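Shown next, in structure tokens, is the structure this report addresses.
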Amino acid sequence: MNSEQLVMNSALIGCGRVSENHLAAIIGSPFSHLVAVCDVDPIKAQEKGEKNHVPTYTDYHKMMHAHPEIEIVHIATPTGYHARHVIDLAQHGRHIIVEKPMALTVADCDAMIKACSKNNCRLFVVKQNRFNPAVLAARRALEEGRFGKMVLGTVRVRWHRTQKYYEQDNWHGTWELDGGVMSQQASHHLDLLQWFMGPIESMQCQTATRLMQIEVDDTAAALFRFTSGALGIFEATVAARPEDLEGSLSLMGEKGSVIIGGRAVNKILYWKFTDPGPEDEQIIEEFSQDVPNVYGRGHKPYMEDVISAIQNSGQALVEGPEGRKDIEILTALYESAACNGKVVIPGCRIVKSKLGKSKKRAGRK
């Protein structure tokens, strides 16, 4: 196949903060072409449309009907609307890329997967940190057995958010549409923890709202026991002051340890194994630089992985069922926190957690 045959036409729905990452990935890749953008706020839509020289819409059905050439739809709307938008758009039969987290309840994830399957379109979930070069190097080491028996996995998200961040959009910091630091800022890191450490046997979590005036948590800590017998530690806050400190992943095994830090799990801080490999020095040298912001540089390779999977009828790294795993874990963590740190398992019954519930529903017994 030549590059012309590989180009796929994309549209964006949702022109808020994270949309810039989608737009940069679409426009920056030789395998994609931006067709149109849509947002219920005409000013936001117009701003992105004019900047990228494409038509704008406030109704995504009108956009889809006006542009039958659209092959992939990027959904970057508020999290609580993801399920509604995916299910609604699936009827058009175009492939869908949805921002993280996929949804706020497992039931919504199942409905999204079912709708896409019914309409013969594929559903992909954004997990760009899996494509960070340092993370991919560590994943190769894991698959090659270089760590041996895993002992401990740790993720830390120590980021800085202000009250203004939560007030710029009325859906931020709500149980119904957003969730707290675990579901938003740290969901990528939670994904990395389970991707490296494997299936979870049990977990327990505590949350707090220390500095923000919001419904949800701004700080969380959790412990994991994996089915392998290894342990995991998860720490996340948006109350780091006075600036972002780190987004990191630490992996410790019987034959070696790796620490990847920086703002966005991109910078190798420690890389050493009992059996050194010829590539180790190059990996350390090549991946020792930080990135300018917490988003990293993984969106473009993530999107190209999606396009390759579609073009070649292959498996992408993060499709709907893989994205669902994180929501099953996330909702269990919030259930544990709502029960004062009770030990829970993935897929447990959700009774007290408010995640994904409106205030009216959350108040019901």
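Can you list the strands (runs of 3 or more DSSP E) lying wholly within the stretch 215-332 that have 2 or more residues being of a type in the set (Val, Ile, Thr) and in contact with a Phe, Trp or Tyr (Cβ under 8 Å, 6 or more places away or on another chain)?
On the way: elements: 219-226, 231-237, 246-253, 256-261, 267-273.
Filter on the stretch 215-332 gives 231-237, 256-261.
Please enumerate the residues belonging to the stretch 18-34 that are among the aliphatic types (A, V, I, L, M) and either part of a strand (DSSP E or B) or out of contact with any His (no Cβ under 6 Å at 6 or more places or on another chain) (or both).
Let us first name the residues in the stretch 18-34 that are among the aliphatic types (A, V, I, L, M), namely 18, 23-27, 34.
Within the stretch 18-34, Val18, Leu23, Ala24, Ile26, Ile27, Leu34 meet the criteria.
Restricting attention to the stretch 1-31, report how many residues are surrounded by fewer than 23 Cβ atoms within 10 Å (Cβ to Cβ) and under 21 Å from Val126 (Cβ atoms). Please lay out each step first, then the result.
Residues of the stretch 1-31 that are surrounded by fewer than 23 Cβ atoms within 10 Å (Cβ to Cβ), as a first pass: 1-9, 16-20, 23-24, 27-31.
This time we only want the ones that are under 21 Å from Val126 (Cβ atoms), so: 6-9, 16-20, 23-24, 27-31.
The total comes to 16.
Is there a residue being assigned to a loop (DSSP other than H, G, I, E, B), assigned by TED's automatic domain parsing to the domain that holds Ile260 and not polar (S, T, N, Q) anywhere in the stretch 131-145?
Among the residues of the stretch 131-145, at least one is assigned to a loop (DSSP other than H, G, I, E, B), assigned by TED's automatic domain parsing to the domain that holds Ile260 and not polar (S, T, N, Q), which makes the answer yes.
I'm told Thr219 meets every condition in (1) in contact (Cβ under 8 Å) with a residue 60 or more places away in the chain; (2) among the hydroxyl-bearing types (Ser, Thr, Tyr); (3) crowded, with 20+ Cβ neighbours inside 10 Å except one. Can you identify the failing condition by its number?
It is condition (1) that Thr219 fails.
Here are some residues: Ala111, Ala107. Which one is in a helix (DSSP H, G or I), in contact with a helix residue (DSSP H, G or I) (Cβ under 7 Å, 6 or more places away or on another chain), surrounded by fewer than 19 Cβ atoms within 10 Å (Cβ to Cβ) and not assigned by TED's automatic domain parsing to the domain that holds Gln289? Let's see the steps before the verdict.
Working: Ala107 fails: in contact with a helix residue (DSSP H, G or I) (Cβ under 7 Å, 6 or more places away or on another chain).
Among Ala111, Ala107, only Ala111 is in a helix (DSSP H, G or I), in contact with a helix residue (DSSP H, G or I) (Cβ under 7 Å, 6 or more places away or on another chain), surrounded by fewer than 19 Cβ atoms within 10 Å (Cβ to Cβ) and not assigned by TED's automatic domain parsing to the domain that holds Gln289.
For residues that are among the β-branched types (Val, Ile, Thr) and buried (at least 16 other Cβ atoms within 10 Å of the Cβ), scanning just the stretch 222-263, find the one that is nearest to Met150 (Cα to Cα). Step through it out loud before you land on a result.
So the first thing to find is which residues in the stretch 222-263 are among the β-branched types (Val, Ile, Thr), and the list is 227, 233, 237-238, 258-260.
The next check asks that each one be buried (at least 16 other Cβ atoms within 10 Å of the Cβ); those that pass are 237-238, 258-260.
Numbers: Thr237: 26, Val238: 29, Val258: 12, Ile259: 14, Ile260: 16 Å.
Restricting to residues being among the β-branched types (Val, Ile, Thr) and buried (at least 16 other Cβ atoms within 10 Å of the Cβ), the top hit is Val258.
Taking Arg84, is it part of a loop (DSSP other than H, G, I, E, B), out of contact with any helix residue (DSSP H, G or I) (no Cβ under 8 Å at 6 or more places or on another chain), assigned by TED's automatic domain parsing to the domain that holds Gln311 and under 29 Å from Ile350 (Cβ atoms)? Full working, then the answer.
Working: part of a loop (DSSP other than H, G, I, E, B): no; out of contact with any helix residue (DSSP H, G or I) (no Cβ under 8 Å at 6 or more places or on another chain): yes; assigned by TED's automatic domain parsing to the domain that holds Gln311: yes; under 29 Å from Ile350 (Cβ atoms): yes.
It is false that Arg84 is part of a loop (DSSP other than H, G, I, E, B), out of contact with any helix residue (DSSP H, G or I) (no Cβ under 8 Å at 6 or more places or on another chain), assigned by TED's automatic domain parsing to the domain that holds Gln311 and under 29 Å from Ile350 (Cβ atoms).
Of all residues in the stretch 133-184, count the ones that are under 23 Å from Thr207 (Cα atoms) and among the basic types (Lys, Arg).
The qualifying residues number 4.
Residue by residue, here is whether (1) closer than 20 Å to Asn170 by Cα; (2) out of contact with any Asp or Glu (no Cβ under 9 Å at 6 or more places or on another chain); (3) of a type in the set (A, V, I, L, M); (4) outside any helix (DSSP H, G or I) holds:
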position	(1), (2), (3), (4)
Gly16	yes, no, no, yes
Lys48	no, no, no, no
Val54	no, yes, yes, yes
His65	no, yes, no, no
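Kindly provide the set of residues from the stretch 146-171 that are crowded, with 19+ Cβ neighbours inside 10 Å, under 20 Å from the mean Cα position of the chain (by Cα) and in a loop (DSSP other than H, G, I, E, B), ordered by number.
Trp159, Arg161
Of (1) more than 21 Å from Lys300 (Cα to Cα); (2) touching a residue at least 24 places away in the same chain (Cβ under 8 Å), Val40 satisfies all except one. Which?
(2)
I need the full set of residues from the stretch 270-288 which are under 26 Å from the mean Cα position of the chain (by Cα) and either surrounded by fewer than 16 Cβ atoms within 10 Å (Cβ to Cβ) or of a type in the set (Lys, Arg) (or both), in order please.
The answer is Tyr270, Glu286, Ser288.
Going by the structure shown, is Asp59 surrounded by 19 or more Cβ atoms within 10 Å (Cβ to Cβ), in the same structural domain as Gly16 (by TED's automatic domain parsing), among the acidic types (Asp, Glu) and modelled with pLDDT of 95 or more? Walk me through it before giving the result.
Working: surrounded by 19 or more Cβ atoms within 10 Å (Cβ to Cβ): no; in the same structural domain as Gly16 (by TED's automatic domain parsing): yes; among the acidic types (Asp, Glu): yes; modelled with pLDDT of 95 or more: yes.
It is false that Asp59 is surrounded by 19 or more Cβ atoms within 10 Å (Cβ to Cβ), in the same structural domain as Gly16 (by TED's automatic domain parsing), among the acidic types (Asp, Glu) and modelled with pLDDT of 95 or more.
The values are calculated or read from the model by the stated rules, or taken from the named source; none is laboratory data. Predicted model, so just to flag it, every value in this text is computed and none were measured. Please note: Cβ atoms are built from the backbone with ideal geometry, for glycine as well, and neighbour counts cover all protein chains shown.
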